[in-house]
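The values are calculated or read from the model by the stated rules, or taken from the named source; none is laboratory data. None of the values given here were measured: they were computed from a predicted structure. All Cβ positions, glycine included, derive from the backbone under ideal geometry; neighbour counts span all protein chains shown. SASA here: full protein model, heavy atoms, side chains in, ligands and nucleic acids out. Shrake-Rupley method; radii C 1.70, N 1.55, O 1.52, S 1.80 Å.
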Amino acid sequence: MYKNVIKRILDLVLALALLVMLSPIIIIVSIILVVVNNGKPFYTQRRPGKSEKVFSILKFKTMNDKKDDKGNLLPDTYRLTGFGKFLRKTSIDEFPQLINVIWGDMSLVGPRPLLVRYLPYYTEEEKVRFTLRPGITGLAQVSGRNFLTWDNKLSKDIEYANNLSLKLDIEILWKTFWKTIKGSDVAVDQDAVPEMVALDEERKGDEKFNN
């Protein structure tokens, strides 16, 4: 009952309330990013969600579009702006995902939506993450976030999916709030930690993912 009905109702009510409460910050940040990023305050990227259905995740744009002499985008570490670092550290860059929650693509709490190219590199057990809507925050994010190994991170997603409850969601939201306030372990996405090896790169040499 909670997983299929109540969780979605709570997501919708809380996301709408948070969007209203945070609207002054969202508006101010959007205006600043219009100036910093030459009129581009938002960033979208295709991510797989529930049942592996691909959707466009919405974030504040934390990197510029600077290119090298050949017209290729510079590495992420060279394009991350000072204001972008602040947005990531405070997790403000994730605020636009409240719209994804309202649309029904995401939940406030769930496994983080990772890159589409990672789809062939999950074990059968890890694919349980796709039985749920992906979350703005999740159990892995309050257990070390991107400072966990891929195996540990994905095992946390399995643990969450197998123990989903209102109590667990409240605990995760509470821990997320305090971690954000303290500014600890705040990197949410893998691409926010450039030195971390990508999941497909780490697992592509494993025979069980190359059949």
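Scanning segment 45-75 for residues that are open to solvent by 70 Å² or more (accessible area, probe 1.4 Å), in contact with a strand residue (DSSP E or B) (Cβ under 9 Å, 6 or more places away or on another chain) and over 24 Å from Arg8 (Cβ atoms) gives Lys66, Lys67, Leu73.
When segment 76-87 is filtered for residues that are open to solvent by 70 Å² or more (accessible area, probe 1.4 Å) and either of a type in the set (Val, Ile, Thr) or touching a residue at least 60 places away in the same chain (Cβ under 8 Å) (or both), only Thr77 remains. Whether any residue in segment 1-24 is under 18 Å from Gly82 (Cα atoms) and in contact with a helix residue (DSSP H, G or I) (Cβ under 9 Å, 6 or more places away or on another chain) is what I want to check. Checking segment 1-24: not a single residue is under 18 Å from Gly82 (Cα atoms) and in contact with a helix residue (DSSP H, G or I) (Cβ under 9 Å, 6 or more places away or on another chain).
Before we move on, is Ile92 in contact with a strand residue (DSSP E or B) (Cβ under 6 Å, 6 or more places away or on another chain), touching a residue at least 40 places away in the same chain (Cβ under 8 Å) and either among the acidic types (Asp, Glu) or more than 28 Å from Asp206 (Cα to Cα) (or both)?
No.
Does segment 36-44 contain any residue that is open to solvent by less than 80 Å² (accessible area, probe 1.4 Å), in a helix (DSSP H, G or I) and among the hydrophobic types (A, V, I, L, M, F, W, C)? The answer is yes; a qualifying residue exists. If you go through segment 80-106 and keep only what is of a type in the set (Ser, Thr, Tyr) and closer than 22 Å to Trp150 by Cβ, you end up with just Ser91.
Counting only residues that are of a type in the set (Val, Ile, Thr) and closer than 19 Å to Leu199 by Cα, which one in segment 105-135 is surrounded by the fewest Cβ atoms within 10 Å (Cβ to Cβ)? The residue in question is Val116.
Is there a residue being in contact with a Leu (Cβ under 9 Å, 6 or more places away or on another chain), farther than 14 Å from Ile99 by Cα and exposed (fewer than 13 other Cβ atoms within 10 Å of the Cβ) anywhere in segment 10-20? Checking segment 10-20: not a single residue is in contact with a Leu (Cβ under 9 Å, 6 or more places away or on another chain), farther than 14 Å from Ile99 by Cα and exposed (fewer than 13 other Cβ atoms within 10 Å of the Cβ). Being within 19 Å of Gln141 (Cα to Cα) and over 13 Å from the mean Cα position of the chain (by Cα) is a condition met by at least one residue of segment 88-98.
Looking at Val29, Val101, just one residue is of a type in the set (Val, Ile, Thr), more than 30 Å from Tyr160 (Cα to Cα), open to solvent by less than 50 Å² (accessible area, probe 1.4 Å) and at pLDDT 95 or above, and that residue is Val29.
When segment 164-211 is limited to residues that are at pLDDT 70 or above, polar (S, T, N, Q) and under 21 Å from Leu114 (Cα atoms), the one that is surrounded by the fewest Cβ atoms within 10 Å (Cβ to Cβ) turns out to be Thr180. Any chance segment 145-163 includes a residue that's in contact with a strand residue (DSSP E or B) (Cβ under 7 Å, 6 or more places away or on another chain), within 15 Å of Lys3 (Cβ to Cβ) and open to solvent by 40 Å² or more (accessible area, probe 1.4 Å)? No: segment 145-163 contains no residue that is in contact with a strand residue (DSSP E or B) (Cβ under 7 Å, 6 or more places away or on another chain), within 15 Å of Lys3 (Cβ to Cβ) and open to solvent by 40 Å² or more (accessible area, probe 1.4 Å).
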